[in-house]
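Engineer: Let me give you the structure first, and then I'll get to my questions.
Throughout, read-outs are computed from the coordinates displayed, never taken from laboratory work. What you see is a predicted model; the values in this text were computed from it and never measured. Cβ sites come from the backbone with ideal geometry, for glycine too, and all protein chains shown count toward neighbours.
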Amino acid sequence: MKSKITTYVALAIFLLSMIGTSTVSADSYTLNFTICYQPYQWTNHGNMHDDDPDTYASTTDDTDSERLGFSVELDDLGDITKVEIQARGYWSGAQHNITLQPFFGRYPGAPGDEHEFVLTNTASYSGWIDITTDTNAHSFWTFDDVEELTCLISVGEGSSGFTVYCSIVQVRVTYTPD
């Protein structure tokens, strides 16, 4: 009888320890945009997609923009639960911001929402910007959809006499592994 009670107590302790414990974990995958579509408007535009956060593309024209995409094939790692973008940049001379706008589907794709990255005069990363449910975003994301994602980087309005710098634009995919 004592052995049965011990077994039940051990089973109860095990079951109580499992309450609130998830057996499904989320993983994330971060990749940098790796190609730029013409026309090239920023000076040293290649620095924006060279995987080096310390080399910068720049512009002094608030009508300039660059469209970045991928040249990778991604494995299907599981069910995607979130897709986010971020950039690294700063301004000099006069304050300006960067606008990040995703496009969904094969180039040119359907435009998503415009997201403002408020720059400072020292290099920093924007926070991660959730684009999972942007206008025209996929209702159910696949890794093929991520491969087809592009992002338009534009200069926001501000005073004259400025330079805006951007070194890297990234996407982070959160998924539940198969």
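Engineer: Using the alpha carbon gyration tensor of the chain, what are the three equivalent-ellipsoid semi-axes (square root of 5 times each eigenvalue), largest first, in whole Å?
Structural biologist: Largest first, the chain gives 44, 19, 13 Å.
Engineer: Right, another one. Counting GluC sites (Glu not before Pro) as exposed when in a DSSP loop with at most 14 other beta carbons within 10 Å, what is the longest stretch of the chain free of them?
Structural biologist: 1-72
Engineer: In whole percent, what relative contact order does the chain give with Cα contacts below 8 Å and a gap of six or more residues?
Structural biologist: For the chain, the relative contact order is 35 percent.
Engineer: Okay, moving on. Which value at 222 nm does the chain reach when only helices count, each DSSP H run of 4 or more adding -39,500 (n - 2.57), with the total divided by all residues and rounded to the nearest 500 deg cm²/dmol?
Structural biologist: Only helices count here, giving -3500 deg cm²/dmol.
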